1. Please report the relative contact order for segment 1-137, taking Cα pairs under 8 Å with a sequence separation of at least 6, and give it as a percent rounded to a whole number.
2. Express as a percent, rounded to the nearest 5, the fraction of DSSP beta bridges in the chain (both residues included) that run antiparallel.
3. Suppose every Lys and Arg Cβ carries +1 and every Asp and Glu Cβ carries -1, with no other charges. What dipole size does segment 8-90 come out with about its Cα centre, to the nearest 20 debye?
4. Once you've got the Cα coordinates, tell me which of K19/K56; K19/K157; K19/K162 are over 23 Å apart.
5. Mind checking which of Y156, H67, M55 is farthest towards the positive end of segment 36-173's charge dipole, using Cβ charges of +1 (Lys, Arg) and -1 (Asp, Glu) about the Cα centre?
6. Within 13 Å, Cβ to Cβ, of V22, how many net charges do the neighbouring residues add up to if Lys/Arg are +1 and Asp/Glu are -1?
7. Quick check on packing: order 39-52, 146-159, 107-120 by the mean number of other C-beta atoms within 10 Å, highest mean leading.
8. Just to confirm the filter: which GluC sites (Glu not before Pro) across segment 163-211 are DSSP coil and have at most 16 other Cβ within 10 angstrom of their Cβ?
Amino acid sequence: MPHSNIPVITIDGPTASGKGTVAHRVADHLGFHLLDSGALYRLTALSALRRGTDMKDEHALAKVAEHLTVRFNGGHIYLGTEEVGNAIRAEEVGNTASKIAALPAVRQALFGLQLGFRETPGLVADGRDMGTVIFPGAKCKVFLTASVEARAQRRYKQLIDKGFSANMDDLLEDLQSRDARDTQRAVAPLVPAEGAHILDTSEMTVDEAVAKVLGWYAHS
Ligand code: DC
């Protein structure tokens, strides 16, 4: 199948909107591959934090992104040989990821890597700019969102379940500043792609959200 004919569903939205869970479930249902693009920014952040890279040095950070030795395997994420699925979910890593994601050279360094995930029979791509920048020709585009309170509750539960400590007020503040950074940056800001279906999941179960996306895809 020509590469450009491989179907792509893009699911973009703010942090902790539930798009990761929905993207996983939709990909499982269709037997599609999954691109968790946020994980690539988090992996770059984790790698840079560990190396002590200067967070103001755009060129050095882009080099870190370019040389990531990342492998996704059955829900596990490896950096080199180390499983880092939990480590990249730490708040410090997420905040750093949001900061370095504003740097054009870092985004450029991760561009080709993301395109490579488009393989038969199809791809579900989860992120901020999947429908606007990486896969603008996608068959089905979704912008998934939820109120900041609903998202803070979800993130709180996620962190506690993973054994991290969490504080609701700090989380709300963090989410708001991350939203501001992700939506106001000059390069690839978080905005719904043209033609995207908008899905507010504040009052929705995961099953309902998944059914909506599958319905849109079926009719796309
Ligand atoms: O989805 P996430 O919380 O794992 O993403 C972590 C950070 O990475 C997020 O704050 C913004 C950035 N990001 C991005 O700029 N573009 C993407 N496609 C995905 C994530």
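Throughout, read-outs are computed from the coordinates displayed, never taken from laboratory work. A quick note: this is a predicted structure, and the numbers were derived from the prediction, not measured. Cβ atoms come from the backbone with ideal geometry, glycine included; neighbour counts cover every protein chain shown.
1. The normalised contact order for segment 1-137 reaches 46 percent.
2. Approximately 25 percent, going by the DSSP bridge assignments.
3. On the way: 9 positive and 9 negative charges, 26 e Å.
With only Lys, Arg, Asp and Glu charged at Cβ, the dipole is about 120 debye.
4. K19/K56, as the Cα separations exceed 23 Å there.
5. Result: H67.
6. Here the count lands on -3.
7. Answer by packing, highest mean first, reads 39-52, 146-159, 107-120.
8. Those that pass, being in a loop and sparsely packed, are E194, E203.
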